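What follows is a single structure, written as structure tokens, with notes after it.
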Amino acid sequence: MSAPNCLRCLVRPSAALRLSAPPPASALKPATPPLTAAASRRAPFSTTPAAAAAPKSSSQGQQAAAKGHVRKGKRLTLKGKKKQKSLDHGKSPLPGERKAYRKRITLSNDNAIKVPWLTDLAAPDLADPANVGKVLALPPTTQDQLRASEAFKPTQTWGMFRQPAVLVRKETVDLTQRMQEAAAARKVLRMVVTGNKVTGKSLMLLQAMTHAFLNEWVVIHLPEAQELTTAVTEYAPLADTSPVQYSQPVYALKLLHAIRKANADVLAKTFTVSEHSELPQSLPAGSPLLAIANQAKEVDSAWVIFQALWNELMAPAPNRPPILLSLDGLAHVMRVSDYRSPAFEPIHAFDLALVRLFTDALGGAVKFPAGGAVLGATSRNNSPRSPSMELALAQREAEQQQQQQPGVEVPQKDPFFRGYDERVDAVLRSVQVLRLGGVDRREARALLEYWAASGMLRTVVDEKAVAEKWTLAGGGVLGEMERASLLTMRV
Ligand code: ATP
Ligand code: MG
């Protein structure tokens, strides 16, 4: 029973008293005159709402009197409101299902026409200047390796064609030739691929990886640098490190699975030089490296296994394969990460062990036994600002240009700006820079012809059409060319 909450209730005689007293005469009188038979038949339609409600309200009044007065407006009445119909939205997606859909990669389209003249890439093709301006297909084994390494991006247009194929650009041949030279001299090519939005930076990494896979290198690819530094994966401090470094065991496990799947053949042909008793199942010297990678099953042991594999790849022994270490989204690792130390201090990305492994290699502190390449690609799609990285890349580029045109000025630090990061400066002090822009008209034409042959471009590819598409795409920017010609077709 609700307590009386107003003065009127407090001064009125109690309910028990009132119920025992004889009812007043007015209360016994019917509130409305009795209805005739005809009127009662019409009653639901003819009586006014007030009249219809009258007997009900008197009984409510009695109930209220029995319960005690409750002030009007204190009780929430939902009467009269329309009940919301629950709409049937079908089965809601399971956890992770939406993300999987967003990130799914489709590599073929059965509705696209098969291009008869398309040939598969072979090992030396990407480094052959004769192939510049040709579209070549990725062989099925390489497709699997690239897929395992997450080299294909959902933003690219693989799902429109019968078979994944790439245009060989001048820059592609330039990069792959430098990779070959580095491997031949057992040196490490350290390079950053940069350029404007959708100029093909991620695809350049994919081509470098394709070249590496076809030539039996070991490829370790970090597909999205932001996954390492935006505090979305677990981290744990590593013992015996000063300043403290942090491992990311869940990410390390995922990376080990990718490495094993993509490089199984090469790892099976390379053997350990030392015994590994620290692993979950200890391995004697002379075991294949694949046996190390195969042990990656639990998060707890992932970092130890990754380190063992990395140390073996770095061991100065004969018959070691060249290594390609690549990362997309460089700006994400060239800054202070979103992680915090136990003292709630921000952790610099370079103190994350996996990032440090990459930046040490990019900075030149690590020598690969059989040479190889360390490639980083910037991204304009989603990247934080890193003033030090931007300046360092501009400086390296100017220095490169100086070798051809001695008058080029090298940009300097702004003396009034305090946001530079010395650790980033040190890593990027001696890298090479490959800047991507638009393709030339010959390359643009090759790509347009491939699109037309696949049935995805419904125009005759002649000089006029090429000039139009090339100009519309800001001077042959490949992503813009796709936007102007293909994306209206996207399903
Ligand atoms: P962002 O700055 O957003 O990271 P990006 O420079 O990495 O962009 P990519 O995703 O590599 O751009 O490429 C943009 C589009 O151009 C993709 O859809 C890709 O298919 C196409 N493209 C780039 N290079 C080539 C190539 N060599 N052959 C065929 N298509 C290409
Ligand atoms: Mg990209």
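The values are calculated or read from the model by the stated rules, or taken from the named source; none is laboratory data. Everything numeric here is computed off the predicted structure, so don't read it as measured data. Glycine gets a Cβ as well: all are built from the backbone with ideal geometry, and neighbour counts include every protein chain shown. Side chains are part of the model used for accessible areas, which takes the heavy atoms of the whole protein and leaves out ligands, DNA and RNA. Shrake-Rupley method; radii C 1.70, N 1.55, O 1.52, S 1.80 Å.
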Margin query: Checking residue 278 against (1) at pLDDT below 95; (2) within 20 Å of the chain's Cα centre (by Cα), only one condition comes out false. Which one?
Written below: (2)
Margin query: Every residue in region 407-441 that is among the polar types (S, T, N, Q) and in contact (Cβ under 8 Å) with a residue 40 or more places away in the chain, please.
Written below: 430, 432
Next item on the list: Return the pairs, sorted by first residue and then second, in which the second residue is open to solvent by 60 Å² or more (accessible area, probe 1.4 Å), the first residue lies in region 460-484 and is among the aromatic types (Phe, Trp, Tyr), the beta carbons are less than 9 Å apart, and the residues are 6+ apart or on different chains.
Entry: 470/441; 470/445
Next item on the list: Filter region 366-381 for residues that are away from ligand 2 (no atom under 16 Å from the Cβ), under 19 Å from residue 426 (Cβ atoms) and either modelled with pLDDT of 95 or more or not assigned by TED's automatic domain parsing to the domain that holds residue 241 (or both) and give the result.
Entry: 374
Next item on the list: Mind listing whichever residues of region 267-284 are in contact with a strand residue (DSSP E or B) (Cβ under 9 Å, 6 or more places away or on another chain), part of a loop (DSSP other than H, G, I, E, B) and open to solvent by 60 Å² or more (accessible area, probe 1.4 Å)?
Entry: 269, 275, 277, 282, 284
Note to self: For region 200-216, give me each residue that is more than 9 Å from ligand 2 (Cβ to nearest atom) and either of a type in the set (Lys, Arg) or not in a helix (DSSP H, G or I) (or both).
What the structure shows: 215, 216
Next item on the list: Identify, by number, the condition in (1) of a type outside the set (A, V, I, L, M); (2) under 14 Å from residue 334 (Cα atoms); (3) within 16 Å of ligand 2 (Cβ to nearest atom); (4) out of contact with any Lys or Arg (no Cβ under 8 Å at 6 or more places or on another chain) that residue 384 doesn't meet.
Entry: (4)
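For region 286-300, which positions are aliphatic (A, V, I, L, M) and open to solvent by less than 40 Å² (accessible area, probe 1.4 Å)?
Selection gives 289, 290, 291, 292, 293, 296.
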Checklist line | Enumeration of residues in region 137-152 that are aliphatic (A, V, I, L, M) and open to solvent by less than 10 Å² (accessible area, probe 1.4 Å) | finding: 137, 138, 146, 151
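Tell me, please, whether a residue that is surrounded by fewer than 14 Cβ atoms within 10 Å (Cβ to Cβ) and either away from ligand 1 (no atom under 16 Å from the Cβ) or assigned to a helix (DSSP H, G or I) (or both) can be found in region 258-265.
Yes: region 258-265 contains one or more residues that are surrounded by fewer than 14 Cβ atoms within 10 Å (Cβ to Cβ) and either away from ligand 1 (no atom under 16 Å from the Cβ) or assigned to a helix (DSSP H, G or I) (or both).
Each row is one residue, and each column tells you yes or no for (1) open to solvent by less than 60 Å² (accessible area, probe 1.4 Å); (2) among the charged types (D, E, K, R); (3) closer than 18 Å to residue 204 by Cα; (4) touching a Lys or Arg at 6+ places or on another chain (Cβ under 8 Å).
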site	(1), (2), (3), (4)
106	no, no, no, no
110	no, yes, no, yes
132	yes, no, yes, yes
187	no, yes, no, no
Next item on the list: Please specify each residue of region 158-187 satisfying the condition of being farther than 19 Å from residue 456 by Cβ and within 16 Å of ligand 2 (Cβ to nearest atom).
Entry: 169, 171, 172, 175
Item checked: Test: residue 483 is within 16 Å of ligand 2 (Cβ to nearest atom) and outside any helix (DSSP H, G or I) -> no
Check: Across region 303-357, what is the number of residues that are within 16 Å of ligand 2 (Cβ to nearest atom) and either at pLDDT below 95 or among the acidic types (Asp, Glu) (or both)?
Finding: 1
Margin query: Residue under question is residue 440, and the condition is that it be within 14 Å of ligand 1 (Cβ to nearest atom), of a type in the set (Asp, Glu) and open to solvent by 30 Å² or more (accessible area, probe 1.4 Å); does it hold?
Written below: yes
Check: Which residues, taken from region 172-200, are charged (D, E, K, R), more than 9 Å from ligand 1 (Cβ to nearest atom) and within 16 Å of residue 437 (Cβ to Cβ)?
Finding: 174
Next item on the list: Mind checking which strands (runs of 3 or more DSSP E) fall wholly inside region 300-386 and carry at least 1 residues that are within 16 Å of ligand 1 (Cβ to nearest atom)?
Entry: 323-328, 372-377
